């Protein structure tokens, strides 16, 4: 392999450079996808197609998918509280919201205790929480947390676009739910989604 000046590029260097290019393309594609999703949300063009979901089975499949791809012993703990019931939600929107929060839980707590996904079947509402034991979020940044392109000042070394939480929140709200966060700096964060039982 030769560069523009006709000099030979060593295979190791070529592999390193092509790896960086691939990584940049993946990052840019992800950013473009998120921007397009945000545009659809702003234009009110996100489809809402609720289905009767067997919630335990739905979450079990998601947990299995995440645990299959995790390496170095990391896995998502899954806890069920209360008597399970089905609930009418849009599965695509729900999958996107949950996957984003679970991905973040792993990303911001690497090398720490494994994160937890807890579903609590209350009589009048379903509460879904994703708890990690990672770096936490500075309290003064809570109000801006769900704004597009916002990233907390303690995550500069961790890759991200600042769009994931904004989209997750919008999707939860389109699914007629609410999302909130509790966090302690240096101890971890817990994102909680609430959906009324229908």
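The values are calculated or read from the model by the stated rules, or taken from the named source; none is laboratory data. What you see is a predicted model; the values in this text were computed from it and never measured. A quick note on method: Cβ atoms are made from the backbone with ideal geometry, for glycine too, and the neighbour counts reach across all protein chains shown.
Mind checking whether some residue in the stretch 147-154 is over 25 Å from residue 59 (Cα atoms) and either in a strand (DSSP E or B) or at pLDDT 85 or above (or both)?
no
Filtering the stretch 183-198 to residues that are surrounded by 15 or more Cβ atoms within 10 Å (Cβ to Cβ) and modelled with pLDDT of 90 or more leaves 188, 189, 190, 191, 192, 193, 194, 195. Return yes or no: is residue 159 more than 12 Å from the chain's Cα centre (by Cα) and at pLDDT 90 or above? No; evaluated as a whole, the condition is false for this residue. When restricted to residues that are assigned to a strand (DSSP E or B) and over 18 Å from residue 132 (Cα atoms), the stretch 47-80 contains 4.
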